[in-house]
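Visitor: Dumping the structure here so I can ask a few things about it.
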Amino acid sequence: MRRNGAAVAASPEPAMRPLSAAVFALAVAAATDPAAAQAPAPKVTTIKLNKLSAPPPAGWVSEKPKYTLRSYQFAVPGVKEAPAGEFIVMPESDPKAEKMFPRWKAQFQPGAEAKESKLALKDATAELLDVSGTWKYKERPFDPKSKEEEKVDYRVVWAVVVEKDEATHVRLSGPKAVVDKHYPAFEAWLKALK
């Protein structure tokens, strides 16, 4: 190849430009494709909490967790005119229910019905807080910038599952009718952990 009358070695750059442009175009298309961004999460066949595990209840749909603090997230089918509920798992959590329960109860308006109970599991314990009423829901509960929504006639069941020195928080939430329907499956899932 000659440039200005002098011999110049051929540069691979011009040949690489179309390839680089094509790769860049594909990357941009993938990043802006709404279908690619909303690709379904892989189907979860087992939910693991530290050393315990159990399959998810039938009909619960695995979703990609919205936040890094969640290891699993499921849509819980709605009923009639009530929208779907949600089930989430938050690993490496505080093992002290006596510390967490007051914070969680405070997420409901005064007058909400709250019940506490315990379940003995294989090699673990689960302390449950079951609250029904108007949930002062925040996408990020402890972030002061997160906007609060009032969710009337909601039920939320939190469980602190403690295995030796490790704890996991799980939460089943949604319209009361939805959680009422799915609570037996939730409790059966907790009891199936081994």
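Visitor: When the residues of region 100-148 are filtered to those that are under 30 Å from D165 (Cα atoms), open to solvent by less than 20 Å² (accessible area, probe 1.4 Å) and of a type in the set (G, A, S), which remaining residue is modelled with the highest pLDDT?
Guide: A126
Visitor: Which condition number in (1) farther than 26 Å from A192 by Cα; (2) in a loop (DSSP other than H, G, I, E, B) is the one that G133 fails?
Guide: With (1) farther than 26 Å from A192 by Cα; (2) in a loop (DSSP other than H, G, I, E, B) applied to G133, the lone miss is (2).
Visitor: So which residues in region 152-165 are on the phi < 0 side of the Ramachandran plot, open to solvent by 10 Å² or more (accessible area, probe 1.4 Å) and in contact with a Lys or Arg (Cβ under 8 Å, 6 or more places away or on another chain), if there are any at all?
Guide: In the first step, residues of region 152-165 are kept if they are on the phi < 0 side of the Ramachandran plot; the result is 152, 154-163, 165.
Still in the running and open to solvent by 10 Å² or more (accessible area, probe 1.4 Å): 152, 154-155, 162-163, 165.
Within region 152-165, Y154, R155, E163 meet the criteria.
Visitor: Can you find a residue in region 50-57 that is open to solvent by 70 Å² or more (accessible area, probe 1.4 Å), modelled with pLDDT of 95 or more and of a type outside the set (G, A, S)? Write out each step before concluding.
Guide: Filtering region 50-57 down to residues open to solvent by 70 Å² or more (accessible area, probe 1.4 Å) leaves 51, 55.
Applying the additional criterion that residues be modelled with pLDDT of 95 or more yields 55.
Subsequent filtering for residues that are of a type outside the set (G, A, S) retains 55.
Yes; the residues of region 50-57 include at least one that is open to solvent by 70 Å² or more (accessible area, probe 1.4 Å), modelled with pLDDT of 95 or more and of a type outside the set (G, A, S).
Visitor: Those residues that are touching a strand residue (DSSP E or B) at 6+ places or on another chain (Cβ under 8 Å) and either in a helix (DSSP H, G or I) or farther than 13 Å from V179 by Cα (or both), I need them from region 75-95; list them, please.
Guide: I88, V89, M90, P91, E92, S93, D94, P95, listed by residue number.
Visitor: Separate question: Report, by residue number, each residue of region 74-96 that is at pLDDT below 95 and either among the β-branched types (V, I, T) or open to solvent by less than 20 Å² (accessible area, probe 1.4 Å) (or both).
Guide: V79
Visitor: Taking region 45-104 only, how many residues are more than 17 Å from P175 (Cα to Cα) and acidic (D, E)?
Guide: Residues flagged as more than 17 Å from P175 (Cα to Cα) and acidic (D, E) within region 45-104 amount to 4.
Visitor: Moving on. For V179, state whether it is buried (at least 21 other Cβ atoms within 10 Å of the Cβ) and outside any helix (DSSP H, G or I). Spell out how you get there, then give the answer.
Guide: Working: buried (at least 21 other Cβ atoms within 10 Å of the Cβ): yes; outside any helix (DSSP H, G or I): no.
When the stated conditions are applied, V179 does not pass them.
Visitor: May I ask you to list the residues in region 140-163 that are out of contact with any helix residue (DSSP H, G or I) (no Cβ under 9 Å at 6 or more places or on another chain) and in contact (Cβ under 8 Å) with a residue 40 or more places away in the chain?
Guide: Of all residues in region 140-163, those out of contact with any helix residue (DSSP H, G or I) (no Cβ under 9 Å at 6 or more places or on another chain) come to 140, 143-152, 163.
Of everything in region 140-163, those that are out of contact with any helix residue (DSSP H, G or I) (no Cβ under 9 Å at 6 or more places or on another chain) and in contact (Cβ under 8 Å) with a residue 40 or more places away in the chain turn out to be R140, E150, E163.
Visitor: Select, from F108, F142, F101, the only residue that is of a type in the set (F, W, Y) and within 19 Å of the chain's Cα centre (by Cα).
Guide: Details: F108 fails: within 19 Å of the chain's Cα centre (by Cα); F101 fails: within 19 Å of the chain's Cα centre (by Cα).
Answer to the selection: F142.
Visitor: Shifting gears a bit: So, in region 58-73, of the ones that are of a type outside the set (D, E) and in a strand (DSSP E or B), which residue ends up surrounded by the fewest Cβ atoms within 10 Å (Cβ to Cβ)? So that I can check it myself, show each step before the final result.
Guide: Applying the first criterion (of a type outside the set (D, E)) to region 58-73 yields 58-62, 64-73.
Still in the running and in a strand (DSSP E or B): 61-62, 72-73.
Details: V61: 16, S62: 18, Y72: 22, Q73: 19.
Per the criteria, the residue is V61.
Visitor: Among the residues of region 182-194, write down those that are assigned to a helix (DSSP H, G or I) and either closer than 26 Å to T134 by Cβ or open to solvent by less than 20 Å² (accessible area, probe 1.4 Å) (or both). I'd like the intermediate steps shown before the answer.
Guide: Narrowing region 182-194 to residues assigned to a helix (DSSP H, G or I): 182-192.
Selection gives H182, Y183, P184, A185, F186, E187, W189, L190.
The values are calculated or read from the model by the stated rules, or taken from the named source; none is laboratory data. Here the structure is a predicted model, which is why all the values come from computation and not from measurement. Every residue, glycine among them, receives a Cβ derived from its backbone with ideal geometry; neighbour counts consider all protein chains shown. Side chains included, ligands, DNA and RNA excluded: accessible areas come from the protein's heavy atoms. Shrake-Rupley method; radii C 1.70, N 1.55, O 1.52, S 1.80 Å.
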